[in-house]
Amino acid sequence: MKLDRFDHVGIAVSQSALEDARRVLEDVLGAGKPREEVVEEQGVRTLIYKVGDAKVELLIPLDEEGPVARFIERRGGGLHHIAFEVEDVEASIQDVAKAGLEVIDEEPRGGVEGSLISFLHPKSTFGSLVELVEFPTQASDGR
Ligand code: ZN
């Protein structure tokens, strides 16, 4: 497999910290206005800020149940994952599993912008949750 490019960093933010996070990103850091998308499958609402060729993805839990909600409960929010674009996420998962890495999503699941994603377990990737993301080909030049 091969990482094509760095795509985004995911930051977990609780509902109660969201206004402050938006103020810092939008009004202080000048990240512009986000695009918003709910990903029911992951139990999150996402706010996506385009920064140059990459993105900052705020993850706000929709309820108290999902993995992001649990992450916030344990760690108080903050850096959640880093994401790299790959051409073929399914083939990539097979490659990393073959190399002995632990894959969280053995079958790719749906992410934002019609993407297919899979997470690699942090214990296989030096303590950081890593997301592999494949975008639909027709959208590849529109980001
Ligand atoms: Zn992500």
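Taken together, the values in this text are just the output of simple stated rules run on the coordinates, not laboratory data. On a predicted model such as this, the values are computed, not experimentally measured, just so you know. Don't worry about glycine lacking a Cβ; one is built from the backbone with ideal geometry, like all the others, and counts go over all protein chains shown.
What percent antiparallel are the DSSP beta bridges of the chain, to the nearest 5? In the chain, DSSP labels about 75 percent of beta bridges as antiparallel.
Principal-axis analysis of the Cα atoms of the chain puts helix 89-98 at an angle of about 60° to the longest axis. For the range 1-127, the number of Lys pairs with C-alpha atoms closer than 27 Å, counting only pairs eight or more positions apart or on separate chains, is 8.
Note on Leu29 and Ser124: the model spin-label points, each 7 Å out from Cα along the C-beta direction, lie 2.9 nm apart. For the range 3-134, a simple Cβ point-charge model (Lys and Arg +1, Asp and Glu -1, everything else neutral) yields a dipole of about 600 debye relative to the Cα centre. The distance separating the Cα centre of the range 18-69 from that of the range 81-143 comes to 19 Å.
As a check on your grasp of the helix formula, calculate [θ] at 222 nm for the chain: sum -39500 (n - 2.57) over DSSP H runs of n ≥ 4, divide by the residue count, round to the nearest 500.
It comes out at -5500 deg cm²/dmol, rounded to the nearest 500.
For the peptides 130-136, 88-94, the ranking by mean Cβ contacts within 10 Å, running from highest to lowest, is 130-136, 88-94. Projected onto planes of every orientation and averaged, the convex hull of the alpha-carbon atoms in the range 3-134 covers 7.9 nm². Cβ-to-Cβ counts within 10 Å put Thr46, Thr137, Thr125 in ascending order as Thr137, Thr125, Thr46, the fewest first. Going from the residue with the fewest nearby Cβ atoms within 10 Å to the one with the most, Phe126, Phe6, Phe119 rank Phe126, Phe6, Phe119. When only DSSP loop residues count, what trypsin sites (Lys or Arg not before Pro) in the range 17-81 have their Cβ near at most 13 other Cβ atoms within 10 Å? Passing both the DSSP loop test and the Cβ count: no residue. On a per residue basis, the convex hull of the C-alpha atoms belonging to the range 1-43 measures out at 117 Å³.
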